[in-house]
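The values are calculated or read from the model by the stated rules, or taken from the named source; none is laboratory data. Predicted, not measured: the structure shown is a model, and the values here were computed from it. Virtual Cβ from ideal backbone geometry, glycine too; neighbours counted across all protein chains shown. Surface accessibility is based on the protein's heavy atoms, side chains included, excluding ligands, DNA and RNA. Shrake-Rupley method; radii C 1.70, N 1.55, O 1.52, S 1.80 Å.
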Amino acid sequence: INAEYMGKLEIDKILSDTKDLKKEISKITDKLNRSFSVTDELIFKDAKKDMTAKQAYKYLVDMNEKFNTLTELVSQTGNVRNEALDLEIKIDQLTERTKDLDINQVESDLAQIKEENSKIMLQFNL
C-alpha cells in the first residue's frame, strides 16, 4: 500500500511539473511571437533596400519557424507523457481490481454454471 501511495505521489508530481512546463512554454511562445512581430516589422522595411538586412530577415524567419517546430514537439512530448501516465494509472487500477480474482475459482464457477444449465435443460427437455 505504501508503494502505491508513493507511486501516486510521483505521478501527481509529474503531472504538476508537466502542467507548469506547459504554462512556461506558453509564456515563452507568446513572448517570442511578440518579439518576432516587432523585429519582423523593423528588418522587413530595411530588407527591401539592404542585402544584409534581407539575409538577416531570412535568418529571422527561419529561426522563428524552427522555434515554432521545437515548441510543438515539446508540447507533443508532454501530451504523450501525460497519456502514458494516464495509462499507468489505469493499469494500476485494473491490477488492483483484478488481483483478487482467482482464475481457478472462476473456472470452477463456470463449470458449476454449465452443470446447472444442463440440469435445467434436462428438466425442460430442451
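Some points to look at:
- Among the protein heavy atoms of the stretch 1-45, carbon and sulfur supply 62% of the accessible surface, probe 1.4 Å, non-protein parts ignored.
- Solvent-accessible area per residue in the chain equals 86 Å², computed with a 1.4 angstrom probe and all protein chains kept.
- The label-point distance for Phe124 and Ile11, in a model that sets each label 7 Å from Cα toward Cβ, rounds to 4.5 nm.
- Ligands, DNA and RNA left out, the accessible area of the stretch 59-126 computed with a 1.4 Å probe is 58% carbon and sulfur.
- Charge dipole (Cα centre; +1 on Lys/Arg Cβ, -1 on Asp/Glu Cβ; no other charges) of the chain amounts to roughly 1000 debye.
- The residue among Leu94, Ile11, Phe67 whose Cα reaches farthest toward the positive pole of the charge dipole of the chain, with charges on the beta-carbon of Lys, Arg, Asp and Glu, is Phe67.
- Per residue, the Cα convex hull of the chain amounts to 189 Å³.
- Max mean-square fluctuation residue, GNM over the chain, Cα-Cα springs under 10 Å, options Leu101, Leu21, Leu32: Leu101
- Per-residue 3J(HN,Hα) values for the stretch 28-35, derived from phi via the Karplus relation 6.51 cos²θ - 1.76 cosθ + 1.60 with θ = phi - 60°, read 5, 4, 4, 5, 5, 4, 5, 4 Hz in sequence order (x marks Gly and Pro).
- Averaging the Cα positions of each part gives two centres, and for the stretch 43-58 and the stretch 77-105 these lie 56 Å apart.
- Rounded to the nearest 20 debye, the dipole size of the stretch 41-97 about its Cα centre is 460 debye, using +1 on the Cβ of Lys and Arg and -1 on the Cβ of Asp and Glu.
- Summarising the overall dimensions of the stretch 1-55 from its C-alpha atoms, the Rg and Dmax are 22.1, 71 angstrom.
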